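Here's the structure we're looking at; comments come further down.
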Amino acid sequence: MAHSGINVLFEGRNLIRLFGGLWTTVEIAAVALVLGLILGVILGVLRTFPNRLLRLVLRLYLEFFRIVPTVVLLFLFYYILPKQLGVNMPANQVATLVFALWTAAEMSDIVRGALISVPKHQRESGMAIGLNRLQLYRYVLIPQAVSLELPATINLVTRVIKTTSLLMLISVMDVINVGQQVVEANNQKYPTGVFWVYGIIFVMYFAIDYPLSWWAKRMDKKRLERANG
Amino acid sequence: MSSWQIIQQSLPLFEKGFVLTLWLSFLGIIGSIIVGLICSLLKYFRVPVLSQIAAVYVEISRNTPLLVQLFFLYYAFPVFGFKLNAELCGIIGLIFLGGSYMAEGFNGGFDGVAKTQVETGKAIGLSRIQLARYVVFPQGFTLSVPALAANIIFLIKETSIFTVIAIPELTNTALDLIGMYYRSNEYLLVLVIGYAIILIPLSIILTLLEKRVRYGAFGN
């Protein structure tokens, strides 16, 4: 076939453009994850403090980000930041902010869950040898919680990466948006090109997420085996 | 027009979107549970060939975004002559995605049954089928309830992505209205309330259910 659809990928700069779009996607996910995971750890620690008002506020923050679908969150920030708060940010930054806040909410719950499942005698022993609260978290609770929470955190990372597919909705030039443009520009010459363009995007996401989720699964399995003796 | 009038006039449209979101979610969740259960049983009984196919499906579905899956179904497949309407694509996409999540949920439950339970069952001479029927499944289903509940909430939220293939569900309704009348505050408020009406009571019910079935878990 002279015009086999797969050639659409090698026409001009199409493949380079797709990888450029992927880079935008990865960049936004990476920045959002770094910010979100750090903020999430802080919020998670705060949620184990005895202060009720603080816990309530953070719980409401979590529930808000849990109840509202991410698509809707993106649009909320995209429309409301400039209109109500006068903040004009490019769509890339709006998306980074939304993903970071969302990651922080989810992460806070993971961290909280891990911290409260560290055996009670650990916390009490720490207090008995005279550690203050900061030292208790720094040397006793957080190191133990990290190994408990790692698989869940990796799964969160894969979820954030998958969710970056929504970037195109607020017109970020991510890999899917570029893909759409490539499809539209080459539709005449390569009618089956659409299959290959979305196909390679499918493969790209899979290639990033599969190793991560495989790693998380393996860690979980090992822990289960240990627990079962 | 005041904000209140704007909201009032849009309510009939939102109501339609609301019903459609509920209906598509319902079909998607039922389908996902069926597909997930089948995949999980294939894995549990180590059915040759079919269990490997199920494993590959689970990995592909879990590690790719719904949006890309929908684009594939809606834009790429028609090139080869499979033309489906948007809503059918949406449901198939949601089941394709949800099936693997549900399968993982069931797997987690079955794996979570204490080894002592399985060994005791073997010791009293139960066959593999009996072991599954009387020991592993009753406990495993109970253990998988929290994961299934989380998946149900997740799948309902994922229906918001249907907007990309122009299914007039809640999100699409709001975005359409914003595009026409530029009243983003009002429509976004209704949109968030719409999801809250579905998800807040549902998550409370599911939490209660989780607490209830926890009595059924023993041996752990």
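Collect the residues in the range B:50-65 that are assigned to a loop (DSSP other than H, G, I, E, B) and either more than 10 Å from every other protein chain (Cβ to nearest Cβ) or over 23 Å from A:Val183 (Cα atoms) (or both), keeping them in residue-number order.
Hit for the range B:50-65 is B:Asn63, nothing else.
Quick check on my filter: what residues within the range B:10-40 are β-branched (Val, Ile, Thr) and either buried (at least 19 other Cβ atoms within 10 Å of the Cβ) or in contact with a Leu (Cβ under 8 Å, 6 or more places away or on another chain) (or both)?
Hits for the range B:10-40 are B:Thr21, B:Ile29, B:Ile33, B:Val35.
I'm checking my understanding of the structure. Among residues of the range A:191-201 that are aromatic (Phe, Trp, Tyr) and within 7 Å of another protein chain (Cβ to nearest Cβ), which one is nearest to A:Ser165 (Cα to Cα)?
A:Tyr198
Looking at the range B:8-22, can you tell me whether even one residue there is within 11 Å of another protein chain (Cβ to nearest Cβ), assigned to a helix (DSSP H, G or I), closer than 19 Å to B:Thr163 by Cβ and out of contact with any Phe, Trp or Tyr (no Cβ under 7 Å at 6 or more places or on another chain)?
Checking the range B:8-22: at least one residue is within 11 Å of another protein chain (Cβ to nearest Cβ), assigned to a helix (DSSP H, G or I), closer than 19 Å to B:Thr163 by Cβ and out of contact with any Phe, Trp or Tyr (no Cβ under 7 Å at 6 or more places or on another chain).
So which residues in the range A:44-62 are in contact (Cβ under 8 Å) with a residue 40 or more places away in the chain and assigned to a loop (DSSP other than H, G, I, E, B)?
Selection gives A:Arg47, A:Thr48.
I need the helices (runs of 4 or more DSSP H) fully contained in the range B:75-182, keeping only those with at least 1 residues that are within 9 Å of another protein chain (Cβ to nearest Cβ) and surrounded by 17 or more Cβ atoms within 10 Å (Cβ to Cβ).
B:86-112, B:137-158, B:170-181
Cβ contacts < 7 Å: first residue of a type in the set (A, V, I, L, M, F, W, C), restricted to the range A:83-96; second residue at pLDDT 85 or above and in a loop (DSSP other than H, G, I, E, B), any location; separation 6+ or different chain. Result?
That search, which allows pairs on different chains as well, returns A:Ala91/A:Ser171; A:Ala91/A:Val172; A:Ala95/A:Val172.
Please tell me if B:Val68 is more than 26 Å from A:Asp109 (Cα to Cα), part of a helix (DSSP H, G or I) and over 22 Å from the mean Cα position of the chain (by Cα).
no
If a residue counts only when it is buried (at least 19 other Cβ atoms within 10 Å of the Cβ), which helices (runs of 4 or more DSSP H) contained entirely in the range A:63-154 have at least 3 such residues?
A:70-84, A:91-116
Do the conditions hold for A:Leu60, that is, is it under 30 Å from B:Ile178 (Cα atoms), modelled with pLDDT of 90 or more and surrounded by fewer than 20 Cβ atoms within 10 Å (Cβ to Cβ)?
yes
Select, from A:Pro69, A:Pro82, the only residue that is of a type outside the set (Ser, Thr, Tyr) and modelled with pLDDT of 90 or more.
Sole residue among the options that is of a type outside the set (Ser, Thr, Tyr) and modelled with pLDDT of 90 or more: A:Pro69.
Let me spell it out: the conditions are (1) in a helix (DSSP H, G or I); (2) among the polar types (S, T, N, Q); (3) within 22 Å of A:Tyr205 (Cβ to Cβ); (4) within 14 Å of another protein chain (Cβ to nearest Cβ), and B:Ser25 meets all of them except one. Which number is the exception?
(3)
Please determine, by comparing only the residues of the range A:1-37 that are without any contact (Cβ under 8 Å) to a residue 40 or more places away in the chain and among the β-branched types (Val, Ile, Thr), which one is farthest from A:Asn155 (Cα to Cα).
A:Ile16
State yes or no: is A:Met204 touching a Leu at 6+ places or on another chain (Cβ under 7 Å), surrounded by 17 or more Cβ atoms within 10 Å (Cβ to Cβ) and within 12 Å of chain B (Cβ to nearest Cβ)?
Yes.
The values are calculated or read from the model by the stated rules, or taken from the named source; none is laboratory data. Keep in mind that this is a model prediction, so the values were computed, not measured. Quick reminder, even Gly has a Cβ in these numbers, built from the backbone with ideal geometry, and neighbours come from all protein chains shown.
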